[in-house]
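One structure is given here, and the rest of the page talks about it.
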Amino acid sequence: MKSLSCQSFNRVSQQQLTGKLDLFAGSTTPTLTLSASQGAIRAGGSSTLSWSAANVTSCAASGAWRGAKPTRGAELVSPLATSPSTLACSKNATTVTQSVTVAVDAQAPTVSLTTPSEGATVSGSVTLSASAADNLGVSRVDFFEDASLVGSDNSVPYSLTWNATNESVGLHTLVAKAVDGAGNTSTSAPVSVTAAAPVMMGRGGAAAP
C-alpha cells in the first residue's frame, strides 16, 4: 500500500484546524460564571463561592483560594483580608477568567438612640429613632425595650413606633443595635424612660380625677 506524507502543520494551521474540528463536533466557546454569596464578611467570617464553566477541560483557582477545581461547584472560603478570588478555566489554547472580591470588614458601625431622651416620661405611641453609620453601609437597626426586640428599620431615618401603653408602669430601658452588611454589630448607650399610667377618661371626655 502506498502512503502519502506531508510536512507538519505550523501553529496557526493547527489552531485553525482545531477550531474547524470543534465547530464540526458542535463545540462552542468556553464560558465561566463566578459569584460570592456574601460580598462583605466580618473578620473570621466566610462566604460561599459558586461557579459554573462550560466547554472547558480544566479549572484552577488563584488569589484568595488555590488549587485545581471542577468545572462547576461551590466552596466555602474564609479570606483573612480583602482580596480577589480568581478562577481560570481552559480548553486547548483558550482560557476564560473570572474574579470576585469578598471584602473583609473589621469595623463595627456606630449607633446612638436619638429619641426619646434619657429620663423622658412616655405614654401611648412613642417614636424610637436612631442615628447609625458604617464604612460599608448599615444593613438595619434593631430597637430593643428591656432586651426584647420591638422592631427593625433598614432605611434612613432609622425609626419606628413603640406602643408604651402595653408596658408596665415604671422604668424601662431602650437601646438601638446597628448591623452592617458584613454582620458586624454595635449597640447604643442605653436610654432609661418611665412609662406613665394611662390617662383614664371620664364622662364627656375629661380626664378622671
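The values are calculated or read from the model by the stated rules, or taken from the named source; none is laboratory data. All values reported here derive from a predicted model rather than from experimental measurement. Neighbour counts run over all protein chains shown; Cβ positions are idealised from the backbone, glycine included. In case anyone asks, the SASA skips ligands and DNA or RNA and just uses the protein heavy atoms, side chains included. Shrake-Rupley method; radii C 1.70, N 1.55, O 1.52, S 1.80 Å.
Some points to look at:
- Per residue Cα convex hull volume in Å³ - calculated over region 49-145: 144
- Solvent exposure ordering (accessible area, 1.4 Å, most first) of ASP146, ASP153: ASP146, ASP153
- Accessible surface calculations at 1.4 Å, restricted to protein heavy atoms, place region 115-198 at 48 Å² per residue.
- For SER37 and SER155, the FRET efficiency from 1/(1 + (r/R0)^6), where r spans their Cβ atoms and R0 equals 41 Å, is about 0.95.
- Dipole magnitude of region 81-209 about its Cα centre (Cβ charges: Lys, Arg +1; Asp, Glu -1), debye to nearest 20: 280
- Exposure ranking of LYS69, LYS177 by accessible area [1.4 Å probe, largest first]: LYS177, LYS69
- Potential lengthening between THR121 and ASP146 on full extension [0.36 nm per residue; Cα-Cα distance subtracted]: 7.4 nm
- Inter-label distance for THR71 and ASN163, nm, one decimal - labels placed 7 Å from Cα along Cα-to-Cβ: 5.9
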